[in-house]
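Below: the structure, in structure tokens.
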Amino acid sequence: MTDASAAHRSRLAIVGSGPAGLTAAIYAARASLKPVVISGVPAGGQLMLTTDVENYPGFPEGIQGPQLMEKFRAQAERFGAVFVDANVTAVDFRVHPFRLEVGLSGRVEADAVILATGANARWLDLPAEQRLRGHGVSACATCDGFFFRGKEVAVIGGGDSAMEEALFLTTFATQVTVIHRRGELRASRIMVDRAKANPKISFVFDTEVVDVLGGETVEGLRLRHRKTGAISQLKANGLFLAIGHTPATEVFRGHVDLDPKGYLKTSEVTRTSVAGVFAAGDAYDHRYRQAVTAAGLGCMAALDAERFLADHHVGAPAPTGATAAGSTTL
Ligand code: NAP
């Protein structure tokens, strides 16, 4: 167990503990870099909000999201990764070693940093929607579409993700209803044409979802027409949110380059605008957003950080705080 009040000094700090951060931690720990993982609170990323994960290779029977994350973390700890269970509250990437303020009063200093803070799907924030998350309400058709074979589902959103999710869901569902708050779709022409040409997809425009109906699982939706105010119900066994994602990068704003939507900007896959600071996972990848792709990017970021440290001849620092394997809550 590490001392919660100690400053941590490491060759590598990893911010985030989803598949990207933890895979980076496994690789870096096995390379003897003794990474400090600032896990974020709550730890574990988006998979902590998922039930069955059936598309992560190596688990033919499927696995629960939180259990998968526990296994990732145990594997990183086995090789010596140190966990600080706190959020990063401020960073300074102009100084060397880089400086990260964590929790209420902690600090991590590191010669290289991997940013793997992920992104959060946007939700409508309806009470029933939150209660039925993982029980018919999802923000990832690729992850959960399979569970809706022979059923009727609804997709909320009018962008490319909504079209893509709707098209994907037609593989399983008998009927897919796209519900959009305006009369005009935001998605690209080609995606709209594809969706409109699919006989399983229908559209409901100028409409918002005001309630999700059902006890244990989703049974239907209550809709409100935004122009007339008319209330109606739609039968649906599943509800897929496709109203965008928000990258968890606010704390890095002004310290590394972000794109207009707040995603980390990179070159050569994992390099951010600051030498020695790398990116992995959904904090910069808004295209694939899968656990397995995030894990792959975590691996790449760790290999790139290891090479950076070797190229810059940054050796192991003298220990000033706790660096033994274990975890700290700040
Ligand atoms: P997006 O383009 O921002 O679209 C989000 C959609 O959700 C919009 O139609 C928006 O409505 C709606 N929305 C937002 N908040 C809402 C709320 N509270 N209630 C109801 N509806 C709400 O997001 P995205 O579709 O995830 O796409 C993100 C980026 O990835 C885009 O640049 C997109 O082109 C790209 N992408 C590309 C592909 C592809 O090319 N195959 C696939 C997926 C994503 P309004 O239209 O009224 O604002």
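Here are a few things to note about the model shown:
- Remark: the range 61-75, residue by residue, has Karplus-estimated 3J(HN,Hα) of 8, x, 8, 6, x, x, 5, 4, 5, 4, 5, 4, 5, 4, 5 Hz, where x stands for each Gly or Pro and the curve is 6.51 cos²θ - 1.76 cosθ + 1.60 at θ = phi - 60°.
- Amide hydrogen proximity for Val210: with H placed 1.01 Å from N in the peptide plane, the residues at 5 or more positions away or on another chain lying under 5 Å are Arg222, Leu223, Arg224.
- Computed FRET value (nearest 0.05) for Ser202 with Asn55, which takes r as the C-beta separation and R₀ as 25 Å: 0.35
- Dipole magnitude of the range 200-284 about its Cα centre (Cβ charges: Lys, Arg +1; Asp, Glu -1), debye to nearest 20: 300 debye
- Helix 160-169 and the long axis of the chain differ in direction by around 70°, with both axes built from C-alpha atoms.
- With contacts taken as Cα pairs under 8 Å and at least 6 residues apart, the range 175-264 reaches a relative contact order of 19 percent.
- Counting lysine pairs in the chain that sit 8 or more residues apart in sequence, or on different chains, and whose Cα atoms lie under 21 Å apart gives 6.
- Normalised by residue count, the range 1-154 yields a Cα convex hull volume of 135 Å³ per residue.
- Percent of alpha-carbon pairs separated by more than 29 Å within the range 173-328: 46 percent
- For the range 108-237, the Cβ-based charge dipole about the Cα centre amounts to some 660 debye (Lys, Arg positive; Asp, Glu negative; other atoms uncharged).
- Around the amide H of Val178, modelled in the peptide plane, lie the amide H atoms of Val155, Ser202, Phe203, Val204, all under 5 Å away and 5 or more residues distant in sequence or on another chain.
- Positive-end residue of Ala242, Ala119, Ala294, charge dipole of the chain with Cβ unit charges: Ala242
- Principal-axis analysis of the Cα atoms of the chain puts helix 19-30 at an angle of about 20° to the longest axis.
- Dipole check for the range 35-85: with +1 at the C-beta of Lys and Arg, -1 at the C-beta of Asp and Glu, and the Cα centre as origin, the magnitude is about 200 Debye.
- Across the chain, C-alpha contacts under 8 Å between residues 6 or more apart give a mean separation that, scaled by the residue count, equals a relative contact order of 26 percent.
- Note on the range 37-82 and the range 92-160: Cα centroid distance 14 Å, given to the nearest whole angstrom.
- Seen from Ile231, the other residues with C-beta closer than 14 Å to its C-beta sum to a net charge of +1, counting Lys and Arg as +1 and Asp and Glu as -1.
- Karplus-derived HN-Hα couplings along the range 141-150 (A = 6.51, B = -1.76, C = 1.60, θ = phi - 60°), whole Hz, x at Gly and Pro: 5, 4, 6, 10, x, 3, 6, 10, 4, x
- Added length on full extension, which subtracts the Cα-Cα distance from 0.36 nm per residue, Val95 to Thr293: 68.1 nm
- Legend: Rg and Dmax of the range 165-219, from Cα coordinates, 12.6, 38 Å.
- For Ile14, the residues 5 or more places off, or on other chains, whose built amide H falls under 5 Å of its own are Val36, Val37, Ile38, Ile114.
- Model label sites at Trp123 and Glu70, defined 7 Å from Cα along the beta-carbon direction, differ in position by 2.2 nm.
- Histogram of C-alpha separations across the chain, 10 Å bin width, %: 6, 25, 29, 20, 14, 5, 0
- Converting phi to 3J(HN,Hα) with the Karplus coefficients 6.51, -1.76 and 1.60 and the offset θ = phi - 60°, the range 289-296 yields 6, 10, 4, 6, 6, 5, 4, x Hz in sequence order, with x at every glycine or proline.
No lab work stands behind these numbers, since they all come straight from the coordinates. Keep in mind that this is a model prediction, so the values were computed, not measured. Glycine also receives a Cβ, built like all others from the backbone with ideal geometry; neighbour counts cover every protein chain displayed.
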